[in-house]
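This report refers to the structure that appears directly beneath it.
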Amino acid sequence: MTRRVAILGAGPAGLAAAEAALSAGADVVVLDEGERIGGQYWRHHEQLTDRRMQHQHARFARLGRVAEAATVHREASVWRVDTAHGIRVHALVGPADGSDREALTIDADALVIATGAHDRALPVPGWTLPGVITAGAAQALAKRDGAIVGERTVVAGSGPFLLPVADSIALAGGSVAEVVEAAGVAAIARGWGRAPWQLAGVAGKAGELAQYAGGLLRRRTPFRFGQAVTRIHGQGHVEAVTVQHVDAQWRPVAGTERTVTCDSVALGHGFTPRLEAAIQAGCDLSPERFVVVDDRQATSVASVFAAGEVTGIGGADTALAEGAVAGFAAAGGSLDDRRISGAVRARKRMHAFATRLATHAIGPGWTGWLDEDTIICRCESVTRARLSEYAAASSRAMRLATRAGLGACQGRTCGRTVETLIAADVDFDRRPVLSSIRIGELARLHHAEHKEQE
Amino acid sequence: MSVRIRFDGEEIAGRDGQTIAGVLLGAGRRSWRLAGGAERGVFCGIGVCQDCVVTVNGIENVRACQRTALEGDVVEREAR
């Protein structure tokens, strides 16, 4: 009998998994919340996307054609994953946040979790002002909508992702005042300059980054190292930011403040993996809070595999390689099979690249730029001072009293930050309902007949 | 090709296929919601943070960054 492989997510990891699972003879079902396949990396719209923002487009086009041999459910909000008695995935299918979406239940022999990651933006005084968005939002709006959030944007945070973001803003018609990277020049030279032969195999990645750096030079966009946006100013909207030197621990250095005029800010301090499906499936997590996988991308749960950013932040090329291995293994293929040896080698090369990203890891000193009245939980407008009142209480008491992390986003935006500030794990990623669905829809499911996939 | 929606009693035109957030930003709107008495607009842009929610044709809590704008959509502010 043909093995059925269900794949959560149609970004690079999920699409590569679909391609590999199909090649190994599986019946493949892909579920993705987006209107179109591609995930965040290949977020696009047929008419609105500027082709210059779409990297590795040929690869995407090929994966897209391959995916036609799979059953792809777009606009599918997966809200529950059961692994206790075989694998069963529950989703609602229909336009985003609609009120009468269709219920879908998929039974499968194996599951590939490729749910990706979203931006992590650290709180900064003034970060709730209109005009402050995440770096990923700037990228998504530019790519998907051809839209910019302001005329003059400061792009700030850490990591190589800031470069394509600045590039997209400029291509979409905005101007980038500065790109502000918290990692210092010495740290970057140490992190990226060490053992350069390991990076020889990722020339494509280096070329892509060099292209963005060239764009910055051409447009005379200043790139600052070892600095951070430590305050955002404005009455009702962004008018300026304070940019300040930070030390190796990201502590702001007094006396180095400068004011930069701008009307918008794009913040990106790395990424948070989207773990809720993996946690619900029962997968073990590492102390660093990524899904633990073996050489076959198999998780601790039988027949459940994971690939891409949920297993460690590594970017699209890493996700493509891991996804291919995961899909092939989920379909019952062996890693000794020659058809998958290229992906296994690519995965090894890309992991050498991914470890360098540690250079840009958040330093503990960033809390030094917070004020007592800085909002930490955006949904419930909970300030740092309010959190501090409950620092000694149990995390449950803190949440119930302050409502931090209990708002509409369920701690997705502030969860890790709240944990840092109260110095305790709260386990915000453990969510009984995996995606945003309406209570009415949930209630109707009791009566609705489940639509079984053939 | 363009798409027209109503927001704040005004007709706003956007490009066909844009999200509601894209249409509002294109018209120079940066905020469309109140949270704790302060203006908010789009933040994460990918459907995670719920900061950009609006009421669309009477249905509450629709993420403006995820919902494609359709001709004649009536978009209203929300406050929390």
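A few remarks follow.
- For the stretch A:407-425, residues that are in a loop (DSSP other than H, G, I, E, B) and either over 24 Å from A:Gly270 (Cβ atoms) or basic (Lys, Arg) (or both) total 1.
- Here A:Lys205 meets the list (1) part of a loop (DSSP other than H, G, I, E, B); (2) surrounded by 14 or more Cβ atoms within 10 Å (Cβ to Cβ) almost entirely, failing just condition (1).
- Matching residues in the stretch B:54-80 - criterion: being more than 7 Å from chain A (Cβ to nearest Cβ) and either small (Gly, Ala, Ser) or crowded, with 23+ Cβ neighbours inside 10 Å (or both): B:Val54, B:Val56, B:Gly58, B:Ala64, B:Cys65, B:Ala69, B:Gly72, B:Ala79
- Top-ranked residue of the stretch A:145-172 - restricted to ones that are in contact with a Ser or Thr (Cβ under 9 Å, 6 or more places away or on another chain) and among the polar types (S, T, N, Q), ranked as nearest to B:Leu24 (Cα to Cα): A:Thr153
- Condition check for B:Gly36: surrounded by fewer than 24 Cβ atoms within 10 Å (Cβ to Cβ), at pLDDT below 95, within 7 Å of chain A (Cβ to nearest Cβ) and more than 24 Å from A:Glu151 (Cα to Cα): yes
- Given (1) outside any strand (DSSP E or B); (2) of a type in the set (A, V, I, L, M); (3) facing another protein chain (nearest Cβ under 7 Å), number of the condition B:Leu24 does not satisfy: (3)
- Residues of the stretch A:208-244 satisfying the condition of being without any contact (Cβ under 8 Å) to a residue 40 or more places away in the chain and surrounded by 20 or more Cβ atoms within 10 Å (Cβ to Cβ): A:Thr242
- So B:Val42, is it at the interface with another protein chain (Cβ under 7 Å from one of its Cβ atoms), in contact with a Lys or Arg (Cβ under 6 Å, 6 or more places away or on another chain) and within 21 Å of A:Gly268 (Cβ to Cβ): no
- Across the stretch A:241-278, the qualifying residues are those that are charged (D, E, K, R) and in a loop (DSSP other than H, G, I, E, B), and the one among them that is nearest to A:Ile188 (Cα to Cα) is A:Asp247.
- Selected residue (only one of B:Gly22, B:Gly28, B:Gly41 is small (Gly, Ala, Ser) and over 11 Å from the mean Cα position of the chain (by Cα)): B:Gly28
- Filter result (part of a loop (DSSP other than H, G, I, E, B), out of contact with any Phe, Trp or Tyr (no Cβ under 9 Å at 6 or more places or on another chain) and more than 22 Å from B:Arg63 (Cβ to Cβ)) within the stretch A:146-162: A:Glu151
- Of everything in the stretch A:44-71 that is exposed (fewer than 15 other Cβ atoms within 10 Å of the Cβ) and basic (Lys, Arg), the residue that is nearest to A:Asp32 (Cα to Cα) is A:Arg65.
- In the stretch A:97-117, the residues that are in contact (Cβ under 8 Å) with a residue 60 or more places away in the chain and within 8 Å of chain B (Cβ to nearest Cβ): A:Asp97, A:Ser99
- Residues (part of a loop (DSSP other than H, G, I, E, B) and either more than 14 Å from A:Ala110 (Cα to Cα) or at pLDDT below 95 (or both)) located in the stretch A:283-312: A:Asp284, A:Ser286, A:Pro287, A:Glu288, A:Arg289, A:Phe290, A:Val292, A:Val293, A:Asp294, A:Asp295, A:Gly312
- So A:Gly405, is it without any contact (Cβ under 8 Å) to a residue 60 or more places away in the chain and crowded, with 21+ Cβ neighbours inside 10 Å: yes
- Of A:Arg52, A:Arg88, all but one fail to be assigned to a helix (DSSP H, G or I) and over 30 Å from B:Gly58 (Cα atoms); the exception is A:Arg52.
- Scanning the stretch A:366-412 for residues that are small (Gly, Ala, Ser), over 22 Å from A:Glu276 (Cα atoms) and within 12 Å of another protein chain (Cβ to nearest Cβ) turns up just one, A:Ser381.
- Of everything in the stretch A:23-43 that is surrounded by fewer than 20 Cβ atoms within 10 Å (Cβ to Cβ) and not acidic (Asp, Glu), the residue that is farthest from A:Ala10 (Cα to Cα) is A:Gly25.
- For the stretch A:118-145, taking the residues that are in a loop (DSSP other than H, G, I, E, B) and facing another protein chain (nearest Cβ under 7 Å), the one that is surrounded by the fewest Cβ atoms within 10 Å (Cβ to Cβ) is identified as A:Thr128.
- Filter pass, A:Thr367 being polar (S, T, N, Q) and either part of a loop (DSSP other than H, G, I, E, B) or at pLDDT 95 or above (or both): yes
- Scanning the stretch A:356-396 for residues that are more than 22 Å from the chain's Cα centre (by Cα) and charged (D, E, K, R), we see that the one that is farthest from A:His245 (Cα to Cα) is A:Arg396.
- Taking the conditions (1) surrounded by fewer than 17 Cβ atoms within 10 Å (Cβ to Cβ); (2) not assigned by TED's automatic domain parsing to the domain that holds A:Gly11 in turn, A:Gly282 satisfies each one other than (2).
- Taken as a whole, the structure places A:Gly411 among residues that are at pLDDT below 95 and buried (at least 18 other Cβ atoms within 10 Å of the Cβ).
- Those residues of the stretch A:72-95 which are at positive phi and surrounded by fewer than 18 Cβ atoms within 10 Å (Cβ to Cβ), in sequence order: A:Gly86, A:Gly94
The values are calculated or read from the model by the stated rules, or taken from the named source; none is laboratory data. Small disclaimer: the values here were computed from a predicted structure and weren't measured. Note that we place each Cβ from the backbone using ideal geometry, even for glycine, and neighbour counts take in every protein chain shown.
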